[in-house]
Amino acid sequence: MTFAGGKQAGPEQAPAGSGDAGRRVLIKGGAVLSMDPQVGDFAAADVLIEGDTVAAVGPNLDASGAAVIDARGMIVMPGFIDTHHHHFETALRNFLPDGILVNDGHPHGAVNYYDHILQKFSLIYRPQDVYISELFGSLAQLDTGVTSVMDVSQIHHSPEHSDAVVKALRDAGRRSVFGYFEGWGEGTKYPEDARRLRKEYFSSDDQLLTMVMGGEIYIPDYEKSWKIGRDIAVPVALHVVGTFGMASTFDEIAKAGWFGPDNIFIHMTGMSDLAWKTAADAGAHVSLAVPIEMAMRHGMPPLQKALDLGMQPSLSSDVECTMTADPFTLMRSAFTLQRAFVNEAALAGKDRLPELLTCRDVIRFATREGAKGLRLDGKTGSLTPGKQADVILLDATAINTTPLNHVPGAVVTLMDRSNVDTVLVAGKIRKWRGQLLDADLAKLRRELEASRDYLFSAAGIPQELFREAPAAVPEPAKGA
Ligand SMILES: [Zn+2]
């Protein structure tokens with residue numbers, strides 16, 4: 001069977017049975033950006049998928065019996081990887097567009113993340129609120145080409161809350177790392193329940209879902225969660241944010257030799273040179289949420305710091321209460337920020353400049369380096385024969401990108417969600433010609449809105465579509 005390419009080509013159906021054992025699907029004639037130096041790039045080539053696996057990448061592949069997806073005009077590349085996202089906040093999307101992290105005494109800090117999201121909203125979530133936000137947030141990221149995520153769910157108020165997270169991630173049908181972080185209240189079984197969760201849901205690594213242990217150092221007894229994480233042999237992840245006064249604790253555990261290649265450090269703003277060097281030497285991974293760090297006063301994203309130490313960061317979206325979770329925004333932010341610093345240094349006459357980040361560099365952060373950080377690089381992060389077929393097709397014939405003159409450039413500097421034409425996770429087609437499959441979005445949206453209404457009312461927070469920031473810059477007077 002052959003299917004014509006392009007969203008405008010008509011209502012043809014997605015090939016049936018994609019991802020099933022033995023099913024062959026040939027993605028034909030696209031510009032292939034494999035992100036694997038051994039495989040290389042092709043102006044026009046095919047990607048052959050067998051079952052859930054990439055079988056071959058190259059021009060004119062012989063693929064008898066395969067369903068053919070016409071990828072002419074498309075960029076074919078590995079799905080994006082977001083190494084830190086809080087799906088449970090989907091119902092609170094945009095509640096804090098102008099907010100900062102904590103109230104540090106300035107008037108604009110009155111409506112802030114810590115007081116409102118963590119101390120009010122998140123405390124009143126029921127398992128059904130967790131489920132719908134997790135599922136909807138996950139599907140929304142599939143729609144934008146993010147095939148793998150680490151979901152940092154700080155919402156484990158009871159084992160039922162934890163089960164709701166796992167069920168939602170599973171129902172979304174995406175590659176997800178379940179980040180078992182804290183919960184609050186009398187019902188919480190964090191961190192001990194990690195052992196049950198590992199056994200019940202994550203005893204096999206041969207599945208879409210894997211597990212990470214949350215080891216936040218702002219929580220009393222954090223030693224316990226680190227120990228459990230290492231006992232059950234999953235990576236230990238944590239937020240490391242200077243704004244929260246963590247630098248001295250982080251130095252202590254650095255000196256005590258706690259850091260290892262199983263650590264995922266999120267943000268790393270405001271940390272000491274000693275802590276950085278210890279993290280680099282230990283082979284720890286750093287996840288940077290560049291737009292959020294800039295907007296919410298986490299501190300300057302330490303992108304250059306990581307690069308100078310030879311660390312390759314991944315990118316993460318963090319919270320949709322303040323910023324969209326699409327990978328194009330993440331890549332563009334990292335690209336423009338790092339270049340702004342280097343360009344300023346060049347203009348100031350400095351002669352020893354760091355290398356400018358390229359489009360390919362930030363795509364690598366958003367694919368391969370994310371896979372490495374989440375310890376999924378044996379499975380995903382590049383189009384490599386033998387890896388799982390997490391593949392996206394980006395429409396380069398669209399009005400915002402055509403004519404195509406540079407493939408990595410088009411992805412980073414021109415594209416957005418509207419270009420994400422088709423998405424496969426482990427060989428299974430989840431988005432087809434611009435439409436998400438297997439999701440009743442109208443029904444899910446109603447459930448998300450109902451959950452949102454409950455959360456605002458139970459938290460005693462009014463829904464205000466035009467709420468002004470507490471210290472908004474006054475608009476200039478007329479004629480000024
Ligand atoms: Zn976070």
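Structure above, values below:
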quantity: Residues that are out of contact with any strand residue (DSSP E or B) (no Cβ under 7 Å at 6 or more places or on another chain) and either within 19 Å of residue 286 (Cβ to Cβ) or touching a residue at least 60 places away in the same chain (Cβ under 8 Å) (or both), drawn from segment 223-238; calculated: none
quantity: Pair list, Cβ < 9 Å and 6+ apart or interchain, from segment 335-349 residues that are small (Gly, Ala, Ser) to residues that are exposed (fewer than 10 other Cβ atoms within 10 Å of the Cβ); calculated: 345/352
quantity: Among residues of segment 228-268, those that are among the acidic types (Asp, Glu) and either closer than 13 Å to residue 279 by Cβ or within 20 Å of the chain's Cα centre (by Cα) (or both), counted; calculated: 2
quantity: Residue that is surrounded by the most Cβ atoms within 10 Å (Cβ to Cβ) [pool: residues in segment 200-258 that are part of a helix (DSSP H, G or I) and hydrophobic (A, V, I, L, M, F, W, C)]; calculated: 250
quantity: Residue in segment 218-225 that is over 24 Å from residue 260 (Cβ atoms) and small (Gly, Ala, Ser) present; calculated: no
quantity: Residue check, residue 257 of a type outside the set (S, T, N, Q), under 24 Å from residue 205 (Cα atoms) and free of Cβ contacts under 8 Å to residues at least 24 places away in the same chain; calculated: no
quantity: Hits in segment 143-171 - residues which are of a type in the set (Ser, Thr, Tyr) and part of a loop (DSSP other than H, G, I, E, B); calculated: 144, 158
quantity: Flag if residue 416 is buried (at least 20 other Cβ atoms within 10 Å of the Cβ) and in contact (Cβ under 8 Å) with a residue 40 or more places away in the chain; calculated: no
quantity: Residue list for segment 319-335, restricted to those being assigned to a loop (DSSP other than H, G, I, E, B) and within 16 Å of the ligand (Cβ to nearest atom); calculated: 319, 320, 321, 322, 323, 324, 325
quantity: Residue in segment 259-296 that is surrounded by the most Cβ atoms within 10 Å (Cβ to Cβ), counting only those that are among the hydroxyl-bearing types (Ser, Thr, Tyr) and within 16 Å of the ligand (Cβ to nearest atom); calculated: 287
quantity: Residue 38 modelled with pLDDT under 95, of a type in the set (S, T, N, Q) and more than 20 Å from the chain's Cα centre (by Cα); calculated: no
quantity: Residues of segment 125-144 satisfying the condition of being over 21 Å from residue 428 (Cα atoms) and of a type in the set (Asp, Glu); calculated: 129
quantity: Residue count, segment 361-371 (criterion: surrounded by fewer than 24 Cβ atoms within 10 Å (Cβ to Cβ) and either over 20 Å from residue 40 (Cβ atoms) or among the acidic types (Asp, Glu) (or both)); calculated: 1
quantity: From 375, 368, residue being in a helix (DSSP H, G or I) and among the charged types (D, E, K, R); calculated: 368
quantity: Filtered residues of segment 198-217 (kept if touching a Phe, Trp or Tyr at 6+ places or on another chain (Cβ under 8 Å), farther than 25 Å from residue 241 by Cα and without any contact (Cβ under 8 Å) to a residue 40 or more places away in the chain); calculated: 201, 202
quantity: Residue in segment 303-316 that is farthest from the ligand (Cβ to nearest atom), counting only those that are assigned to a loop (DSSP other than H, G, I, E, B), surrounded by fewer than 23 Cβ atoms within 10 Å (Cβ to Cβ) and not hydrophobic (A, V, I, L, M, F, W, C); calculated: 310
quantity: Some residue of segment 360-371 being within 16 Å of the ligand (Cβ to nearest atom), touching a Pro at 6+ places or on another chain (Cβ under 7 Å) and among the β-branched types (Val, Ile, Thr); calculated: no
quantity: Flag for residue 185 being exposed (fewer than 15 other Cβ atoms within 10 Å of the Cβ), away from the ligand (no atom under 16 Å from the Cβ), over 23 Å from residue 380 (Cβ atoms) and not acidic (Asp, Glu); calculated: yes
quantity: Flag if residue 299 is within 16 Å of the ligand (Cβ to nearest atom), touching a residue at least 12 places away in the same chain (Cβ under 8 Å), farther than 23 Å from residue 88 by Cβ and not in a helix (DSSP H, G or I); calculated: yes
quantity: Selection from segment 121-170 of residues that are surrounded by fewer than 24 Cβ atoms within 10 Å (Cβ to Cβ), β-branched (Val, Ile, Thr) and within 16 Å of the ligand (Cβ to nearest atom); calculated: none
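The values are calculated or read from the model by the stated rules, or taken from the named source; none is laboratory data. Worth saying up front: this structure is predicted, and the values here are computed from it rather than measured. Every residue, glycine as well, gets a Cβ built from its backbone with ideal geometry; the counts of neighbours run over all protein chains shown.
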